[in-house]
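Student: Attaching a single structure in structure tokens format; questions to follow.
The values are calculated or read from the model by the stated rules, or taken from the named source; none is laboratory data. Please read all numbers here as calculations on a predicted model, not as lab measurements. All Cβ positions, glycine included, derive from the backbone under ideal geometry; neighbour counts span all protein chains shown. All accessible areas refer to the heavy atoms of the entire protein, side chains included, with ligands and DNA or RNA removed. Shrake-Rupley method; radii C 1.70, N 1.55, O 1.52, S 1.80 Å.
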Amino acid sequence: MTTTPRKGPRMNAKQWQVGLVGYGEVGRILAEDLRAQGLAVSAYDVKLDRAASSAAMRTHAQTHGVQLAASHTALAAGSDFIVSAVTASQAVPVAQACATALRRGAYFLDFNSASPGAKQRASDIVAGAGGRYVEGAVMTSVPPYRIKVPLLLGGPHAAALAPLLAELGFAPQVASERLGVASATKMCRSVMIKGLEAMVIESFTAARHYGVEDAVIASLKETFPGIDWEKQAAYFFQRVIEHGRRRSEEVREVAETVREAGLEPWSASGTAERQAWVADLADTGLFGERGHPGFARQADWRVEADRILNRLQKD
């Protein structure tokens with residue numbers, strides 16, 4: 001059965017068929033919040049083709065009434081509004097994969113943490129297929145805010161999409177009609193945020209080795225009294241252990257953003273390496289079984305630091 005492309009998406013956002021590309025943590029949260037409003041939601045993730053990693057996705061989709069598509073093109077052909085929420089390196093390939101079946105006038109919201117240059121390439125692909133590309137920059141961690149996570153929009157279609165997103169429960173703010181402004185804001189922020197995660201893991205683990213962690217934290221509290229360093233460190237360890245692979249890819253896009261500005265991305269490149277290093281350790285099972293409820297949930301960062309130090313001693 002062939003789908004006849006419509007000239008554009010339905011005017012009423014509440015009647016949209018929403019397509020989610022990427023059915024990981026972010027995709028599932030969006031699916032839950034959109035389905036709670038009664039919207040029709042479909043999803044596709046390349047991991048659906050792998051039996052070992054698709055069971056949780058299929059169970060989640062069945063529980064929440066999400067239709068799983070067989071491919072990027074099948075999802076695009078049936079969607080008025082597409083959200084691309086994949087790893088940073090896949091932002092442009094996903095735009096390419098969806099473009100061949102994109103409905104004319106359909107909105108394509110790029111949720112990915114990619115450089116301004118990558119967003120421009122993705123935009124050219126979507127626009128060439130008759131779609132309306134909007135860059136999105138998610139400005140903080142999604143889980144605490146869910147669909148209401150602060151979201152900067154950019155591009156010539158951003159102003160038109162913003163009120164429609166607000167109807168669906170998003171918290172959009174138009175950054176600029178010019179592509180790249182929203183993503184540059186996100187990427188430059190990530191130099192600091194993802195860099196701070198990497199620095200805390202490096203600093204606190206080394207301090208634990210030398211037995212000076214309490215003195216280091218006391219000094220940091222004096223210099224930055226507004227931060228609960230114990231709590232913040234635990235959170236940083238948790239997030240990097242669980243999402244270090246995705247974060248390392250994002251920070252490589254951050255490095256590309258810095259490079260596009262004419263600067264050598266020494267800090268961002270080092271951050272990407274540290275995030276990937278923690279992800280490699282997590283993949284070996286050092287921090288427990290991925291997917292287990294207790295995985296990456298230690299309230300005391302010292303537990304995870306000691307695991308790292310013990311592994312280093314064995315190596």
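Student: If we sort 99-110, 285-296, 248-259, 302-313 on the protection proxy, mean other Cβ atoms within 10 Å, highest first, what's the order?
Tutor: Most protected by this proxy first, the peptides run 248-259, 99-110, 302-313, 285-296.
Student: Search the structure for amide H atoms under 5 Å from the amide H of SER79, placed 1.01 Å from N in the peptide plane, and list their residues when 5 or more places away or on another chain.
Tutor: Long-range HN contacts for SER79: ARG103.
Student: Holding the Cα-Cα limit at 28 Å, pick out from LYS14/LYS231; LYS119/LYS194; LYS47/LYS119; LYS47/LYS148; LYS186/LYS314; LYS47/LYS194 the pairs that are longer than that.
Tutor: Correct reply: LYS14/LYS231; LYS186/LYS314.
Student: Sticking with this structure for a sec: Could you work out the helix-only [θ] at 222 nm for the chain, with each DSSP H run of four or more residues adding -39,500 (n - 2.57) and the total divided by the number of residues, to the nearest 500 deg cm²/dmol? It would help to have the intermediate numbers written out before the result.
Tutor: On the way: 12 runs with 172 residues, N = 315.
The helix-only estimate for the chain comes to -17500 deg cm²/dmol at 222 nm.
Student: Of all accessible surface on the chain at a 1.4 Å probe, what whole percent is carbon and sulfur?
Tutor: 54
Student: For helix 229-260, report the angle its Cα long axis makes with the longest principal axis of the Cα atoms of the chain; keep it between 0 and 90° and round to the nearest 10°.
Tutor: So the helix axis and the longest Cα principal axis differ by about 60 degrees.
Student: Residues of the chain: accessible area per residue at 1.4 Å, in Å²?
Tutor: Per residue, the chain has 47 Å² of solvent-accessible surface.
Student: Separate question: Rounded, prolate or oblate, given the Cα gyration tensor of the chain, with a/c below 1.5 counting as rounded?
Tutor: Numbers: a/c = 2.14, a/b = 1.68, b/c = 1.27.
Verdict is prolate for the chain.
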